[in-house]
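Below: one structure, written as structure tokens.
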Amino acid sequence: MDVSEEDDYFYPDNASYNLSYEDYPSLCEKSDIRSFAAVFLPVTYAACLVVGVAGNAAVVAVYACHKRPRTLTDAFLAHLAVADLLLLLTLPFWAVDAARGWELSSAACKLVSACYTVNFTCCMLLLACISLDRCLAVARARGAAQGGRLQAAFSRRHCWKVCAAVWATALTLGLPDLRFSQVVRWEAFRDVCMAVYPPSMAKGWKAALEVVEVLLGFLLPLLVMVVCYCSVGRALRGLPTESRGKTWRALRVLLMVVGAFVVTQLPYNAVKLYRAMDSVYALVTHCGTSKVLDHAAQVTESLALTHSCLNPLLYAFAGTSFRQHMMKVAKRFGERGRRRRRGGGPAVEEGMETSLNSHTASQDTCTFSI
């Protein structure tokens with residue numbers, strides 16, 4: 001979430017732009033944009049924070065009580081919940097920044113900016129890993145060939161390597177924010193946190209970084225999800241006729257997963273890509289058009305953040321086994337609380353060794369059941 005030095009308004013997304021209005025016949029006044037952001041962004045971020053933290057914290061709590069993930073998808077879901085939580089916890093800083101300006105140190109500016117970029121990218125890459133693992137699990141269940149580097153990589157033995165590669169990629173994309181973000185005086189009474197690039201690399205580097213973020217954070221995950229879930233869908237349609245009811249429910253889950261990803265991420269990345277091109281080729285030449293893009297950036301980024309709230313519903317809570325285990329965890333804590341109020345001993349941890357995976361001999365999992 002950084003801004004450009006030349007623009008009259010600081011954009012609340014994790015990108016910086018070199019948009020100049022020097023060629024405009026008059027100054028493009030954007031006080032209305034700032035006023036809209038000061039109300040819209042804090043309210044939207046607060047809603048995302050409350051809903052998203054509740055859902056993702058529940059996922060983390062279940063996996064923490066379960067000791068460790070039992071399957072590869074369970075590991076991805078645990079990492080996804082952690083990344084979502086870290087992303088959502090940066091929103092209060094940006095809400096205050098939109099309403100009152102940046103009031104913390106430059107070090108906090110760098111850390112929060114990098115954390116936002118790292119975790120946003122990590123969430124998208126983990127969604128691609130989950131879809132790929134589901135596709136490979138269906139292939140294994142159908143007796144497909146077990147060889148191949150991809151099948152070997154997506155195994156419990158190499159799970160930590162896949163997760164480490166995802167986090168390493170996200171951390172690499174967060175380095176520019178960590179290096180160039182700083183607190184600058186925007187107005188006489190207002191400081192902002194933004195990325196300030198040297199003049200020699202301002203346009204080309206920023207545009208290139210934006211394109212890379214769109215490729216890795218949207219196009220690549222979308223391509224993987226579409227290819228993998230189409231393969232899973234074809235496999236489900238080949239099931240016997242008596243299983244059509246379950247097949248349709250599974251296909252509906254897949255459509256919801258892909259649909260939610262496209263609806264929440266496509267507008268944001270389209271605006272992001274267009275503005276990256278504008279920073280190089282100066283596509284925007286009218287103040288009214290620039291204001292429309294400012295509003296679009298605010299709304300579409302807020303829409304993209306809602307996917308962090310939907311992830312627990314689309315992935316973890318969609319599985320019957322995960323819901324059952326979550327109820328057992330809630331019941332255990334409820335019994336412990338009642339015993340404490342009565343002054344009794346600790347609650348008996350009954351049934352906590354129930355597996356999240358109804359097919360423990362395979363890599364499949366019921367947390368995102370197909």
Using +1 on the beta carbon of Lys and Arg, -1 on that of Asp and Glu, and nothing else charged, what's the dipole of region 31-328 about the Cα centre, debye to 20? 1400 debye
For region 31-328, what is the relative contact order in percent, using Cα pairs closer than 8 Å and at least 6 residues apart in sequence? 24 percent
Residue order, fewest to most beta carbons within 10 Å, for Ser35, Ser308: Ser35, Ser308
Taking Lys30 as the anchor, which lysines have their alpha carbon closer than 24 Å to its alpha carbon, excluding any fewer than eight residues away along the same chain? Lys203, Lys206, Lys272, Lys291
State the answer as a single residue: which of Tyr268, Gly288, His325 lies farthest towards the positive end of the charge dipole of region 211-328, with beta carbon charges of +1 for Lys and Arg and -1 for Asp and Glu, about the Cα centre. His325
List the lysines whose Cα lies under 28 Å from the Cα of Lys161, skipping any in the same chain that are fewer than 8 positions away. Lys67, Lys110
Taking the highest mean first, how do the peptides 172-184, 97-109 order by number of other beta carbon atoms within 10 angstrom per residue? 172-184, 97-109
Cα gyration tensor shape for region 31-328, rounded if a/c is under 1.5, else prolate or oblate: prolate
Would you give the gap between the C-alpha center of region 194-213 and the C-alpha center of region 148-165, rounded to a whole Å? 33 Å
Given charges at beta-carbon only (K, R positive; D, E negative), |dipole| of region 253-339 in Debye: 860 debye
Packing-based ranking, highest mean first, of 217-223, 251-257 given that Cβ atoms within 10 Å are counted: 217-223, 251-257
Return the sequence-ordered ³J(HN,Hα) values of region 56-64 in whole Hz as given by the Karplus equation 6.51 cos²θ - 1.76 cosθ + 1.60 applied to θ = phi - 60°, using x for Gly and Pro. 6, 5, 5, 5, 4, 5, 5, 5, 5
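All of the numbers you see were taken from the coordinates with simple rules; none came from a lab. Note that the structure is a prediction, hence the values are computed from the model and not measured. Ideal geometry is used to build each Cβ from the backbone, glycine not excepted, and the neighbour counts take in all protein chains shown.
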